[in-house]
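Working notes for the structure below.
The values are calculated or read from the model by the stated rules, or taken from the named source; none is laboratory data. Please read all numbers here as calculations on a predicted model, not as lab measurements. A quick note on method: Cβ atoms are made from the backbone with ideal geometry, for glycine too, and the neighbour counts reach across all protein chains shown.
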Amino acid sequence: MTSVDVTKTVTTDGNTYAPNTTFNFSVATAGAGEYDGNVVYAGVEGGLTAESGATFSPSGDAPAASYEAKGSLEVDVSVFEKPGVYHYTVTETAGTYSGITYDNSSYDVYVYVYVDGDDMYVGHVVSVKDGKKTDLAFTNDYGKDNDGTHDLKVTKTIQGNQAVIDQKFD
């Protein structure tokens, strides 16, 4: 295992195109402790890193209520000196894209490093949020709950001494 998927979902009011941006993720080493009956070592710098963000772009398709893209984290087994379980935290890097409410969730991520003869390998990676195993997934609001984000009101004022006040315009 050399990479871990991160799912990014952007929700809208259903009348909004996908934002034209990339959402990035941050990985930090976390402390030692215990998880699921295992002794856990503090994360090793460079053992788990953000490889690619989740990229969105508006398309010619009809607007949708939500959009999904994948980002990924990279595992570098060469930096680990011994087998064991290593602890990291993963968050979304808040950006500045107008109208986006960024997800402030934090995941504990445990990287399981095993040895086979002289070779070490990563057997699996477990992500935990609020004490429960779950996939790495972040959701941002782009006008679904923040309802005024993409609202536009158009009005027409008819005036003048030769105006036909009750004339309709499309």
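A compact table of results
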| item | result |
| --- | --- |
| Evaluation of residue 140 against (1) surrounded by fewer than 17 Cβ atoms within 10 Å (Cβ to Cβ); (2) within 30 Å of residue 16 (Cβ to Cβ) (one fails), failing number | (1) |
| Identity of the residue in the stretch 82-97, hydroxyl-bearing (Ser, Thr, Tyr) and closer than 17 Å to residue 24 by Cβ, that ends up surrounded by the fewest Cβ atoms within 10 Å (Cβ to Cβ) | 96 |
| When residues of the stretch 6-27 are limited to those that are loosely packed, with under 13 Cβ neighbours inside 10 Å and assigned to a strand (DSSP E or B), the one modelled with the highest pLDDT | 14 |
| Sole residue being farther than 14 Å from residue 4 by Cβ and over 17 Å from the mean Cα position of the chain (by Cα), chosen from 45, 92, 68 | 45 |
| Lone qualifier among 115, 111, 79, 40 - being in contact with a Gly (Cβ under 7 Å, 6 or more places away or on another chain) and either free of Cβ contacts under 8 Å to residues at least 12 places away in the same chain or surrounded by fewer than 17 Cβ atoms within 10 Å (Cβ to Cβ) (or both) | 79 |
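For (1) on the phi > 0 side of the Ramachandran plot; (2) at pLDDT 95 or above; (3) among the β-branched types (Val, Ile, Thr); (4) in contact with a helix residue (DSSP H, G or I) (Cβ under 6 Å, 6 or more places away or on another chain), each residue gets a yes or a no:
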site	(1), (2), (3), (4)
47	no, yes, no, yes
74	no, yes, no, no
107	no, yes, no, no
128	no, yes, yes, no
